[in-house]
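Below is one structure. I have some questions about it.
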Amino acid sequence: MRRLALIATAAALCAGLTGFAALEHTSPAPLPSWASAPAADAAHTPTSIGNVIGRLQVRLRRQPADAAAWAQLGSAYVEQARLAVDPTLYPKAETALRRSLELRPDTNTVAQTGMAGLANARHQFIQARTWADQAVTGNPYAWAAYGALADALTQLGDDQGAEAAVQRMLDLHPSTASFTRAAYILELQGRTEEAAQALRRGLEDASNPADEAFCQHYLGELAFNTGATTPALQRYRKALALDPSFTAALAGAARAEAALGQSDRAVTDYRTAISRVPQPQYVLELGELLESLGRPTEARAQYLVLEAEQKLFAINGVVDDLNLGQYQADHGNPRLAVTLLTAEWGRRRSVLVADALSWALHRAGQDAQALPLAREANRLGWRDATVRYHRGVIEQSLGDDQPARTDLAGALAANPVFSPLHAPDARARLARLEGQQ
């Protein structure tokens, strides 16, 4: 198998990174920390990207035939939509990018990369792969296009292709964007220390406080996912000290605070994060925290907000059957979840979808069909606690008590506080199984 090197120069990081075992801010309820792959330029803030858009709009009023400026404007809209969680910007982005392509149909790498980023943001991963392939065919040195290609291939389940794209990106442009993508792939392989090593290299290479905050945040995510809750909280707070506007770090701090029993502070921080950026992930996490605290009415209010957000995303071209299916499996209609996630599995064979569909099938009472998918979710060796919990519950439901004990214990060993709802259930199930020995 191939090797994923973290630096491709003579000064390379000499970590013997071997290839894949067999393969996406934070876990299927909640989502895994890498569910949103890092942007090509992590240093953008809402203010800075707004300034970029303003300057480009002025330029285009003066020079409406400037294909490069249209491409930059479209890509900036995609980034602004990501930062603000505002899908209504996606049609604007597409209009600008297509205008650039009309003006310069050949060798328009920036616009093609922008279209790939837009398609990834809309979860249209096959289209994203097509656009990114066009970009790198026209310019094999377009490092950002390899990032968009890696994002698409990861979601489509093309594990070796994603690894190759990240390696090419590292070769061309070792930076925050490439190191964080390498960390993403390494975490999915279960190589968490090497993932942390990649993030630390990204931190060393960061050229500004926003990039530093980005790396600190994802080091926090990695620490939280491996059960190091206090160090995770410290990382999130370092990220906020570097960039107080970094809402993802505030939500991460809330997650860690909840796990450490600081419930009131966690609720406050979640509400602040959501008021800044209504990320569906944060809304779901707050709802589940409130539910775990015995506050069902407040939890339901969050779930209604999430449902409304999903409708807004759909109106603006975002195909989000994964997140909606995960939500329906635990908090809505499991049969609807199976329908949604079966459709998603037909579109992309990622480990995230395998796990989500297996859990939906379990919740719908179809454990025999769920188990092969639960095993598929770990084809790379991913050490995610939620994935192991799901598999353990499915095995227990099928009467496979020994594998269930192993997986439930493994989930709690990986992260004893992986979910305010499911971690206590994992402990209770494991205690019952051990009592039967």
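All of the numbers you see were taken from the coordinates with simple rules; none came from a lab. Predicted model, so just to flag it, every value in this text is computed and none were measured. Here the Cβ is made from the backbone with ideal geometry for all residues, glycine too, and neighbour counts use every protein chain on show.
Would you calculate the convex hull of the Cα atoms in region 297-437 and tell me its volume per residue in Å³?
Cα-based convex hull of region 297-437, divided per residue, equals 112 Å³.
With charges only on Cβ, +1 for K and R and -1 for D and E, what is the dipole size of the chain about its Cα centre, in debye, rounded to 20?
Computed charge dipole of the chain: roughly 560 debye.
Scaled to the compact-protein estimate 2.2 N^0.38 Å, what is the alpha-carbon radius of gyration of region 37-156, rounded to two decimal places?
0.97
If you take the Cα Rg of region 66-125 and divide it by 2.2 N^0.38 Å, with N the number of residues, what do you get?
Its radius of gyration relative to the 2.2 N^0.38 Å reference: 1.00.
A further question on this structure: Can you give the Kirkwood hydrodynamic radius of region 113-253 from its Cα pairs, in Å with one decimal?
For region 113-253, the Kirkwood estimate is 15.4 Å.
In whole Hz and in residue order, list the ³J(HN,Hα) couplings for region 109-119 that follow from phi through the Karplus curve 6.51 cos²θ - 1.76 cosθ + 1.60, θ = phi - 60°; x for Gly and Pro.
Values, residue by residue: 4, 5, 5, 5, 5, x, 5, 5, x, 5, 5 Hz.
Sticking with this one: At 222 nm, what value in deg cm²/dmol follows for the chain if DSSP H runs of at least 4 each add -39500 (n - 2.57) and the sum is divided by all its residues, to the nearest 500?
Estimated from H runs of four or more residues: -23000 deg cm²/dmol.
Quantify how much of the Cα-Cα distance distribution of region 278-321 extends past 16 Å, in percent.
36
Over the chain, what lengths in whole Å, largest first, do the semi-axes of the equivalent ellipsoid take, defined as the square roots of 5 times the eigenvalues of the alpha-carbon gyration tensor?
Ellipsoid semi-axes (Å, largest first): 35, 24, 22.
Put +1 on the Cβ of every Lys and Arg and -1 on every Asp and Glu Cβ in region 146-295; which of Ala266, Met169, Thr226 then has its Cα farthest towards the positive end of the dipole?
Ala266
For region 182-258, what does the alpha-carbon gyration tensor say about shape, rounded, prolate or oblate, given a ≥ b ≥ c as the root eigenvalues, a/c under 1.5 as rounded, and a/b over b/c as prolate?
oblate
Using the Kirkwood radius over C-alpha pairs as Rh, can you work out the diffusion coefficient of region 173-218 via Stokes-Einstein at 4 °C, viscosity 1.567 mPa s, in µm² per second?
Taking Rh from Cα pairs, D becomes 129 µm²/s.
When 1/r is averaged over all different Cα pairs and the result inverted, which Kirkwood radius in Å belongs to region 367-437?
11.8
Right, here's the next one. How would you order 129-142, 278-291 from highest to lowest mean count of nearby Cβ atoms within 10 Å?
278-291, 129-142
Farthest toward the dipole's positive end in the chain, which of Leu421, Tyr236, Trp131, given Cβ charges of +1 (Lys, Arg) and -1 (Asp, Glu) about the Cα centre?
Most positive-ward Cα: Trp131.
Under 19 Å from a point 7 Å along the Cα-to-Cβ line of Ala301: which residues of region 231-274 have their amide N that close?
Once the point is set 7 Å along Cα→Cβ of Ala301, 263-274 turn out to lie under 19 Å by backbone N, inside region 231-274.
Translational diffusion coefficient of region 206-319 at 10 °C, 1.306 mPa s, Stokes-Einstein with Kirkwood Rh over Cα pairs, in µm²/s as a whole number.
Roughly 109 µm²/s, to the nearest whole number.
On to the next question. Highest mean first, how do 328-338, 220-230, 55-65 rank when packing is the count of other Cβ atoms within 10 Å averaged over residues?
Per-residue mean Cβ counts within 10 Å order the peptides as 220-230, 328-338, 55-65.
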